[in-house]
Amino acid sequence: MNQENILQPHRTGLRSWLTADVPTSRAQARASAWYHGWLEFKTNRLALLGLCILIALVLIAIFAPLLSPHDPLAQQLSNRLQPLGSPGHILGTDSLGRDILSRMIYGSRITFYIVGLVVLIAPVAGLLVGTVAGYVGGWADTILMRITDIFLAFPRLVLALAFVAALGAGIENAVLAIALTAWPPYARIARAETLTIRSSDYISAVKLQGAGAFRIITRHIWPLCIASLIVRITLDMAGIILAAAGLGFLGLGARPPSPEWGAMIAEGRRFILDHWWVATMPGLAIFTVSLAFNLLGDGLRDLLDPKSHGK
Amino acid sequence: MVNSADAVVSNTSMSGTSSLLFRVLKTIGSIAITMLGLLLVTFIIGRVMPIDPVISIVGERATKEVYDAAYLEMGLDKPVLVQFLYYLSDVLRGDFGISYLNGAPVAEDIRRVFPATLELATIGTLIGVIVGVPLGIVAAVKRDTWIDQVARVVALVGYSMPIFWLGLIGLLVFYGILGWVGGPGRVGIFYVDVVPSVTGMILIDSALDGQWDIFRDAISHIILPASILGYYSLAYISRMTRSFMLEQLNAEYITTARVKGLSEWAVVWRHAFGNIKVQLITVIALSYAGLLEGSVLTEIIFSWPGIGSYITTALLSADMNAVLGGTVVVGLVFVCLNVLSDLLYSFYDPRAK
C-alpha cells in the first residue's frame with residue numbers, strides 16, 4: 001500500500017517526462033524518441049518474441065558454464081548415442097558419448113562470436129564505401145559502386161567456399177569469407193542515404209561553418225545511416241548464421257572438437273536413420289536463432305523503414 | 001506495359017531501335033565487366049592468397065619435375081599482371097586446367113556434372129513458382145487475415161532453416177521412415193548409367209529413350225531435394241509476389257476497375273496480376289540463380305552428382321583448379337541471370353535508373 005503510493009507518482013512522472021511534447025534537453029528528446037519507438041515496437045508480437053528469444057540465447061551463451069550439465073568436450077564412449085531423455089542427458093549423447101545439450105549451449109557462444117565478428121566487419125566496410133561514394137561523387141562514386149555491383153552479382157556461398165579453400169579452414173577465415181561477400185548491400189544502402197542527406201540544408205549549414213568532408217561524413221552522415229543499416233543487419237543475420245553453419249557443416253568452419261552447430265549436424269549425419277536426434281537437435285538451435293533474427297528484423301523494418309509505413 | 005516504356009524512351013530524343021541497341025551493348029558491357037571482376041577475384045583466391053599456389057594445385061606429394069612444370073605453366077616466374085592475362089586467356093578458351101584429383105580437364109568434368117545441378121534447380125524453381133506465386137497473391141488479396149499470417153510464417157520459416165538440415169530431416173522422414181521417395185543419388189543403383197546421356201539430364205534422357213521405369217525412378221529421387229530447394233524459392237517468391245500485388249491493389253486504377261463493377265477475379269488476375277508479370281519474371285530469374293548456388297549444400301546431403309558436390313569434393317581434397325573452375329562457372333551463370341533480370345526490370349520500369 002505504502003509502496004504503491006510512493007511508486008505511482010514517480011512512474012507517471014517518468015512517463016510524462018518521456019512523452020513530453022516539448023523536450024527540454026537533448027537527453028530527454030533522445031529518450032523520448034526511444035520510448036516512442038519501443039511503444040510501437042511492443043505492438044508487434046512476433047518481433048517481440050524474436051527479441052525475447054535472442055535475449056534468452058545471449059544469456060545462455062554468457063552463462064554457458066553454469067547452465068550446461070556436462071563438459072561439452074568430455075567423451076564417454078561407454079555412454080555413446082544415448083537417446084533423448086536418458087538419465088543425465090536430456091537431449092541424449094553423440095557418437096563419442098558427449099552430452100548434446102551441453103554442446104548446444106556452448107555452441108551458442110561460437111554462433112554469437114561469428115555473428116559479432118561479421119557485424120564488426122561487413123557493415124563498417126559497407127558504410128565506409130557507400131558514404132564516400134555518395135559524398136564524393138564523380139569518378140570515385142562510379143568506381144566504388146561498380147565494384148559493389150560486381151560483388152553483389154557474385155554467388156555468395158560458392159565464393160565464400162573458394163575463399164576458405166584458399167585461406168584454410170577455421171572460424172576466423174570463415175568469418176572473413178562471409179564478411180567479404182556480405183558488405184555490398186550495406187554500401188548500396190549507405191550510398192542511397194548519403195545522396196539524400198548530402199543536399200539537405202543542415203549539411204550546407206555545417207559546411208558554411210567550415211566543416212571538412214571527413215567531419216561531415218563521420219559526424220553528420222554516419223549517424224543518420226545507422227537506422228537503415230541496423231534493419232538490414234538484423235535481416236542479414238539469419239543468412240550469416242546459415243552461411244556459417246553451412247561452412248561448419250562442410251568442415252570448413254570451426255575445428256572438430258569445438259561444438260559448432262553446423263559441424264555437429266555433419267557429425268550426426270552418419271547416424272541420421274538410426275539415431276536421428278544427434279543431427280536434429282543442433283539444427284533446431286540454428287533454426288531458432290535465425291528465426292528470431294528474422295522476426296526481429298521484420299518488426300524493425302516496419303518500425304524504422306518509412307517506405308513500409310502505410311503498407 | 002511495353003507501350004508505356006516505349007513512350008518514355010521516345011521522349012528522350014533517342015529512337016526506339018538505337019536505344020535498344022544501346023541497352024543491349026550496355027548489358028553486354030556490364031556482364032563483361034562483372035565477369036572480369038569475378039575472374040580477378042578467383043585469380044586472387046587461386047594464385048595470390050595461397051602461400052604456395054603450385055602446391056595448392058599439384059598437391060604436397062608432387063615430384064620436383066611436376067612442381068617445376070606446373071610452376072612454369074602457371075607463369076609464376078612472370079609479373080602478376082601477365083599471370084592474370086594468362087589466366088584470363090585460358091578461361092576464355094574454356095581451359096580451367098587439370099584436376100589434380102582425377103587428372104581430367106576441369107572443363108570436361110564440369111560439363112559432365114552441370115546438367116545434374118541444372119535439372120535439380122529447374123524442378124526446384126518450378127515448385128517454387130507453382131506454389132509461391134498463388135500463395136503470395138492470396139496473401140495480398142486477403143491481407144491481414146489468417147491466410148496472410150500463415151503465408152508470412154511459411155516464408156519466415158523458409159528463410160530461417162538451414163537447408164542441409166532440412167534435407168537431412170526430409171531424408172529421415174520421407175525416405176527412412178515413410179519410404180515414399182527414393183534415397184540419395186539420381187536413380188536407383190540398378191539404373192545407374194543405363195540411359196545414354198544426351199542432355200545429361202536424366203529425366204529428359206530417359207523420356208527420350210522411352211525408359212519410363214527409369215523416368216519414374218528418377219522422379220522419385222529428384223522430388224525430395226527439388227521440393228526442399230523449391231521451399232526456399234517459394235519463401236522468396238511468395239513474399240515478393242505479395243508486396244508487388246499490394247502495390248498494385250492500392251493503386252487508383254484498381255479502385256476505378258472496381259467502381260466500374262468488374263468482378264474481383266478480373267480485378268485481381270487481369271488487372272493487378274497482369275501488371276506484375278515482368279517484375280515477377282525478374283524475381284524468378286534471381287531465385288533461379290539463388291537455387292543454382294543453394295543446391296551446393298543440398299547436393300551433398302542427397303549425394304547428387306552436380307556441381308555443388310563437385311566443388312566441395314574438390315575443396316576437401318585441396319584440388320584448387322577444380323574449385324576455381326566450378327566457382328567461375330557458377331559465377332558466370334549467376335552473373336548472367338542477375339544482369340538479365342536487371343535489364344528486364346529496366347525495360348519494364350524506365351524509372352529504375
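The values are calculated or read from the model by the stated rules, or taken from the named source; none is laboratory data. Keep in mind the model is a prediction, meaning the values are calculated, not measured. Using ideal geometry, Cβ is built from the backbone for each residue, glycine included, and neighbour counts are taken over all protein chains shown. Heads up: the accessible areas ignore ligands, DNA and RNA and are worked out on the full protein's heavy atoms, side chains in. Shrake-Rupley method; radii C 1.70, N 1.55, O 1.52, S 1.80 Å.
Okay, here's what the table says:
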read-out	value
Peptide ranges B:90-103, B:129-142 listed from the most packed, as the mean C-beta count within 10 angstrom indicates	B:129-142, B:90-103
Longest to shortest principal axis, alpha-carbon extents of region A:43-83, angstrom	51, 22, 11
Exercise: per-residue mean of other protein chain Cβ atoms within 10 Å, B:35-47	3
Area buried, chain A against chain B - accessible surface, total, 1.4 angstrom probe, square angstrom	3900
Normalised contact order of chain B, rounded percent, pairs of Cα under 8 Å and 6 or more residues apart	27
Net charge of neighbours whose Cβ lies under 14 Å from the Cβ of A:Ala213, counting Lys and Arg as +1 and Asp and Glu as -1	+3
Two-decimal log10 I(q)/I(0) for region A:8-124, as the Debye equation yields it once each C-alpha is a single scatterer, q = 0.12, 0.24 Å⁻¹	-0.70, -1.19
Normalised alpha carbon radius of gyration of the protein assembly as shown [divisor 2.2 N^0.38 Å]	1.05
Order by protection proxy (mean Cβ within 10 Å, highest first), peptides B:301-311, B:266-276, A:81-91	B:301-311, B:266-276, A:81-91
Shielding by partners - mean other protein chain Cβ count within 10 Å, residues of A:273-279	3
Ranked by how many other beta carbons lie within 10 Å on average, peptides A:64-73, A:95-104 from highest	A:95-104, A:64-73
Centroid-to-centroid separation of region B:132-150 and region B:204-260 [C-alpha atoms, Å]	15
Fraction in percent of alpha-carbon pairs per bin - 10 Å, region B:180-232	26, 54, 19, 1
Descending principal axes extents, region A:65-218, alpha-carbon based, whole Å	75, 33, 21
Surface per residue (accessible, 1.4 Å probe) for region A:45-309, Å²	43
Efficiency of FRET from Cβ geometry, B:Glu108 and B:Ile281, R₀ 30 Å, rounded to 0.05	0.35
Rounded to 10°, Cα long-axis angle of helix B:146-160 versus longest principal axis of chain B	10
Whole-Hz ³J(HN,Hα) from phi, Karplus 6.51 cos²θ - 1.76 cosθ + 1.60, for region B:76-83, glycine and proline x	5, 7, 9, x, 4, 4, 5, 4
Sequence-separation-based contact order of chain A, relative, with Cα cut under 8 Å and 6+ spacing, percent	22
Calculated SAXS-style log₁₀ I(q)/I(0) at q = 0.17, 0.18 Å⁻¹ - region A:184-311, Debye, Cα scatterers	-0.90, -0.95
Overall Cα dimensions of region A:90-129, principal axis frame, Å, largest first	49, 15, 9
Chain B: C-alpha pair distances exceeding 35 Å, %	39
Acute angle (nearest 10 degrees) that the helix A:26-42 long axis makes with the longest principal axis of chain A, alpha-carbon atoms	50
Within-9-Å neighbourhood charge of A:Leu235 [Cβ basis; K, R +1; D, E -1]	0
Helix-only mean residue ellipticity at 222 nm for the protein assembly as shown, each DSSP H run of n ≥ 4 adding -39500 (n - 2.57), per residue, nearest 500	-23500 deg cm²/dmol
Amide proton proximity set for B:Ser99, modelled H, under 5 Å, gap of 5+	B:Ala104, B:Val106
Projected area, mean over directions - region A:65-110, Cα convex hull, nm²	2.9
Hydrodynamic radius by Kirkwood, which averages 1/r over all alpha carbon pairs of region B:191-279, in angstrom	16.6
Chain A: C-alpha pair distances exceeding 37 Å, %	32
Helix axis angle, A:156-167 relative to chain A longest principal axis, alpha carbon, degrees	70
Partner chain coverage, peptide B:151-161 - average Cβ within 10 angstrom	5
